[in-house]
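Bear in mind these aren't lab numbers, they're just calculated from the coordinates by the rules spelled out. Everything numeric here is computed off the predicted structure, so don't read it as measured data. Every residue, glycine among them, receives a Cβ derived from its backbone with ideal geometry; neighbour counts consider all protein chains shown.
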Amino acid sequence: NAGVTQTPKFQVLKTGQSMTLQCAQDMNHNSMYWYRQDPGMGLRLIYYSASEGTTDKGEVPNGYNVSRLNKREFSLRLESAAPSQTSVYFCAGATGSEAFFGQGTRLTVV
Amino acid sequence: RKEVEQDPGPFNVPEGATVAFNCTYSNSASQSFFWYRQDCRKEPKLLMSVYSSGNEDGRFTAQLNRASQYISLLIRDSKLSDSATYLCVVNDPRALTFGSGTRLQVQP
């Protein structure tokens, strides 16, 4: 039982490159989330998915897209990376009573 | 106005001290409330849920005041290992919304 698994753990991109952050959960959670955390800041919601096949924008969705193709997986895509997207990205799966986080992806855009 | 607001701190306290954090939320339709702990460069982990009746887990006590829309966390007999950032989390109910966190540093 791995919980919530994110890949990759670290990534360096050049401005304009694209990439997809992967997240998978084996806890049968309906809801999944993507957050970003900038240095010294709290977590800001990028996108969330209340159930398989549905996605909604959070606080900071610009520059990102997401895909919830099945219950287990929720991916985050950066189509054209910008230095402002340098951050730590956390994926979470949640019930109404608790959220479980992956270990994070540290992304640097140069 | 932020949906969930916390004093960022840092709170610097000696070992054995009692320290309290508060958090306010703006959405009166919020249904669930939590405190998470985050260690440096790690993922947040659930510390405790918060109920209107209050709940206690060892040295930690959490309270919810729905009328005033605030949540509190009390830590008694602080340990060095309590040093971390404490995040207030509200299920608003669309999604989990995090406060910016309150940093606690317990000193020997």
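Some values worked out for this structure:
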| item | result |
| --- | --- |
| No Cys partner within the rule (Cβ under 4.7 Å), the protein assembly as shown | B:40 |
| Surface/4 of the Cα convex hull for chain A, nm² | 6.3 |
| Residue-by-residue Karplus 3J(HN,Hα) for the stretch A:71-83, coefficients 6.51, -1.76, 1.60, Hz, glycine and proline x | 5, 7, 10, 9, 9, 10, 10, 9, 6, 8, 4, 10, x |
| Candidates B:26, B:49, B:68: whichever shows maximal mean-square fluctuation once chain B is modelled as a Gaussian network with Cα springs under 10 Å | B:68 |
| Residue A:54/residue A:5 FRET efficiency (R0 22 Å; Cβ-Cβ; nearest 0.05) | 0.50 |
| Cross-link pairs A:71/B:42; A:9/B:2; A:57/B:42; B:45/B:79; A:14/B:45 - those with Cα-Cα distance over 21 Å | A:71/B:42; A:9/B:2; A:57/B:42; A:14/B:45 |
| Contact order normalised by residue count of chain A, Cα under 8 Å, 6+ apart, percent | 36 |
| Relative contact order, percent, the stretch B:1-101 [alpha-carbon distance under 8 Å, six or more residues apart] | 36 |
| GNM result for chain A, Cα springs below 10 Å: residue of A:31, A:51, A:87 fluctuating most strongly | A:51 |
| Shielding by partners, peptide B:97-104 (average Cβ within 10 angstrom, other chains) | 4 |
| Alpha-carbon centroids, the stretch B:23-98 and the stretch A:38-110: separation in whole Å | 22 |
| Chain B - Kirkwood radius from inverse mean 1/r over Cα pairs (Å) | 13.8 |
